[in-house]
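These notes concern the structure reproduced below.
Any read-out appearing in this document is the output of simple, stated calculations on the displayed coordinates, not a laboratory observation. No experiment lies behind these values; they were computed from the predicted model shown. Note that we place each Cβ from the backbone using ideal geometry, even for glycine, and neighbour counts take in every protein chain shown.
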Amino acid sequence: MCGIVGYIDYNRDSNKSILHEMTETLFHRGPDGSGLEVISTDNFQIGLGHRRLSIIDLSEGGKQPMICDDHWITFNGEIYNYKEIKSELIEKGHQFKANSDTEVILHAYQEWGIACINKFLGMFAFVLYDIKNELAYCVRDRAGVKPFFYYWKNGIFLFASELKAFHQHPKFEKEINIDAVAAFMQFGNVPGSHTIFNDCEKLQPGHYLEFNLEKKQYSTIKYWDVYDSYNKPKLKIDFEEAKTETEKILISAAEYRMVADVPIGVFLSGGYDSACLTALLQSNKTEKLKTYTIAVPEIGLNEAPYAKAVANYLGTEHKEFTCTSKDALDLIDELPYYYDEPFADSSAIPTTLVCKMAKKEVTVALSADAGDEVFAGYNRYDYMMKFGSKIKNTPSIFRKPIAGTMNLIKADSIPYFNKKYNFHNRYEKLKSLLKDASDGNLMMSLSRQFNDEELNKLFVKSIHNLTTRYTNVDLENEYYTSLSYMLAIDYQTYLVDDILQKVDRASMTASLEAREPYLDHRLIEWAAQLPDSFKYYKGEKKHILKEITHKYIPKKMMERPKMGFAIPIEKWMMNELKEKISFYLETKRIEKQGIFNHQTVNMYVSKFMNGKKEYGVKIWYLLMFQMWHEKWME
């Protein structure tokens with residue numbers, strides 16, 4: 001795990017000093033070493049920067065940027081199957097100088113060209129410069145575990161693992177994309193290929209960018225898509241056979257992610273995803289796994305007893321980290337720096353805490369993210385399966401008049417219910433679904449905080465909805481089911497834009513490498529073709545994963561409500577964060593900024609402070625944006 005930065009400058013007025021400043025912003029991603037390389041031609045300069053977190057081949061043989069013949073690379077991530085690829089290349093006559101997976105990428109490119117990426121099993125983002133053919137390739141892994149940002153304007157192309165590196169280049173123009181701000185206010189992150197700045201994008205998962213250096217132009221090419229698996233017939237297979245094969249893939253994915261030359265641990269919450277992962281790994285080992293969990297009892301975040309019970313049963317070397325609410329609150333001021341575009345998932349706080357604690361003992365930690373997106377674990381799948389079909393099956397001749405009546409009656413004017421928590425939001429969502437009962441509208445309704453009407457009232461200027469994968473229609477009718485639709489959308493949106501961004505920044509804040517077995521592309525390619533009933537069975541979410549887990553851990557030990565990393569942001573904003581709300585959402589500040597309508601902001605704050613807790617998330621989103629704006633724009 002590392003940090004990569006660089007530029008392609010057709011103006012030829014960048015230099016190594018600028019590259020150094022860009023690279024040093026990512027010190028936290030790689031404190032074990034750094035490397036810089038500037039290559040000049042008659043037409044352009046290429047700068048490659050690297051911050052190293054040593055995981056595989058701790059020697060100087062793994063130092064980057066790395067050159068092999070006429071190919072340069074700067075690489076972030078891990079190729080877990082690099083030893084098999086290396087053996088294949090040796091048989092073809094390739095000779096290696098050291099033992100790093102970075103060198104394997106270079107030789108693989110020499111042998112197979114850019115098609116080599118189809119052989120890689122891992123998480124990766126890299127830039128490869130092919131001197132002879134005057135090409136540069138920017139590549140991101142299939143699921144999007146590793147981030148990749150790029151900027152292109154006025155003859156300068158910048159790239160980096162994090163946006164903060166761009167601020168160190170004098171030619172970077174940081175102009176806010178107002179439509180991206182609006183998208184952030186809806187989803188709590190800037191979704192898809194968009195970023196908070198104009199002329200700046202994220203390379204999408206499963207894509208690579210090919211830059212023709214002679215022609216000064218690039219194109220992006222998709223080499224992998226989750227829909228390639230969802231757009232196949234469901235397997236005709238019995239449940240026991242499917243369970244056996246799923247377990248095999250999970251074991252392989254987990255074992256590959258245990259390859260390292262440094263200490264490794266596993267995050268264990270006691271829930272099904274992490275318990276299953278830990279059980280599969282420990283069952284094949286005589287030495288004890290190192291497992292870690294975190295608790296903040298003062299705020300009601302305490303899965304430690306469940307995690308301890310699982311750890312004791314499996315026989316791992318387990319450690320609990322207990323933090324105070326002050327520890328959690330103190331992290332809030334750091335968030336705008338490490339999450340260097342607006343980000344509002346409050347679970348970033350405990351995720352960062354557990355990463356910082358684990359780093360004291362290990363350099364790599366396995367995390368159990370994506371179990372929900374692969375095996376159907378979220379509550380919204382319940383809503384879809386239990387209630388979505390009922391709404392869809394209600395004839396529009398009945399639905400639409402009810403929605404019309406609701407348009408005339410405001411939620412706040414309905415006695416008794418208007419005092420219930422979140423009634424206003426639920427009322428608006430129901431009204432929207434009665435108008436349009438499609439799966440797409442249900443998904444959007446469950447995913448966003450503001451509807452279009454609320455959003456337009458919040459902003460001073462006109463805004464437009466960004467194109468995102470929330471509106472993806474690539475699931476073919478022949479293979480369409482409501483569950484497959486939601487799973488595929490979540491895999492491309494919430495997983496990438498929220499979960500993976502959160503874990504990447506939280507782990508890198510602590511210079512810790514987080515690895516994700518459930519994001520092995522072989523697993524989703526297999527699970528996408530399983531019958532829906534294997535994942536969601538008679539109201540039970542993650543059915544097949546639970547059945548695998550019960551082979552190793554008693555069912556009675558595992559059955560408990562799903563907790564997650566819930567943070568009491570409403571309570572905090574009423575108390576400890578009240579002064580921050582007053583400071584960052586103060587009228588003169590909002591007016592000077594010229595982005596939000598100060599009257600709308602004041603209305604939200606007033607209602608929240610007067611007991612309407614359902615406005616808490618909206619206030620939190622505003623606070624997170626304002627704190628980001630102060631850090632990076634003022």
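Considering the convex hull of the alpha carbon atoms of the range 2-224, report its projected area averaged over all viewing directions, in nm², one decimal.
11.8 nm²
7 Å from Cα along Cα→Cβ at both Phe239 and Thr286: what's the point-to-point distance in nm?
3.8 nm
So what's the net charge close to Lys171: Lys and Arg +1, Asp and Glu -1, counting the other residues with Cβ under 15 Å from its Cβ?
Working: positive: Arg12, Lys153, Lys174; negative: Asp9, Asp13, Glu21, Glu173, Glu175, Asp199.
The answer is -3.
In whole Å, what is the distance between the alpha-carbon centres of the range 74-108 and the range 513-550?
A separation of 31 Å, based on Cα centres.
Taking the Cα centre of the chain as origin, sum charge times position over the Cβ atoms of Lys and Arg (+1) and Asp and Glu (-1), and report the length of that vector in debye to the nearest 20.
Numbers: 80 positive and 86 negative charges, 501 e Å.
In total the dipole reaches around 2400 debye.
Given H placed on each backbone N at 1.01 Å, which residues far from Met123 in sequence or on other chains put an amide H within less than 5 Å of it?
The answer is Glu78, Tyr80.
Cα convex hull of the range 43-109: mean projected area in nm², to one decimal? Mind showing how you got there, number by number?
Working: hull surface 20.1 nm².
Mean projected area of the Cα convex hull: 5.0 nm².
Considering only DSSP beta bridges where both residues belong to the range 261-383, give the percentage that are antiparallel (nearest 5).
15 percent
Net charge within 15 Å of Leu213 by Cβ-Cβ distance, Lys/Arg positive one each and Asp/Glu negative one each, not counting Leu213 itself?
Local charge sum for Leu213: -3.
Limiting things to C-alpha atoms, what are the Rg and the maximum Cα-Cα separation (Dmax) for the range 307-458, in angstroms?
21.6, 63
For the chain, take the alpha-carbon Rg, divide it by the Kirkwood Rh, and send me Rg/Rh.
Value, to two decimals: 0.96.
What residues have an amide H closer than 5 Å to that of Phe321, excluding those fewer than 5 places away on the same chain, when H is modeled at 1.01 Å from N in the peptide plane?
Thr293, Ile294, Ala295
Take each complete run of DSSP H in the chain, measure how far its Cα atoms stretch along the helix's own axis, and keep only those covering 20 Å or more with mean Kyte-Doolittle hydropathy at least 0.0; list them.
What comes out of the filter, once short or polar helices are dropped, is 616-633.
Sort Thr316, Thr600 by Cβ crowding within 10 Å, fewest neighbours at the top.
Details: Thr316 23, Thr600 19.
Ranked by crowding around the Cβ, least crowded first: Thr600, Thr316.
To make sure I understand the rule: partners must be lysines, Cα under 20 Å from the Cα of Lys97, and not fewer than 8 residues away in the same chain. Which ones qualify?
The qualifying lysines are Lys63, Lys83, Lys86.
Evaluate the relative contact order of the range 361-514 (contact order divided by residue number), counting alpha-carbon pairs under 8 angstrom at least 6 apart; express in whole percent.
Contact order relative to length: 38 percent.
For the chain, what is the relative contact order in percent, using Cα pairs closer than 8 Å and at least 6 residues apart in sequence?
After rounding, I find 16 percent.
Lys435: which lysines have alpha carbons under 20 Å from its alpha carbon, excluding same-chain residues fewer than 8 sequence positions away?
The qualifying lysines are Lys386, Lys390, Lys392, Lys400, Lys410.
For a footprinting-style exposure proxy, rank Cys276, Cys68 by other Cβ within 10 Å, fewest first.
Cys68, Cys276
With the Cα gyration tensor of the range 303-389 in hand, convert its eigenvalues to equivalent ellipsoid semi-axes via √(5λ) and list them largest first in whole Å.
That gives 27, 23, 13 Å for the three semi-axes.
Which values of log₁₀ I(q)/I(0), to two decimal places, follow from the Debye formula for the range 568-634 at q = 0.13, 0.19, 0.21, 0.24 Å⁻¹ with a uniform point scatterer at every Cα?
Taken in order of the listed q values, log10 I(q)/I(0) reads -0.31, -0.67, -0.82, -1.06.
Rank these for me by crowding, Val503, Val5, going from fewest to most other beta carbons within 10 Å.
Ascending number of Cβ neighbours within 10 Å: Val503, Val5.
Restricting to Cα pairs below 8 Å that are 6+ residues apart, what does the relative contact order work out to for the range 2-224? Please round to a whole percent.
For the range 2-224, the relative contact order is 19 percent.
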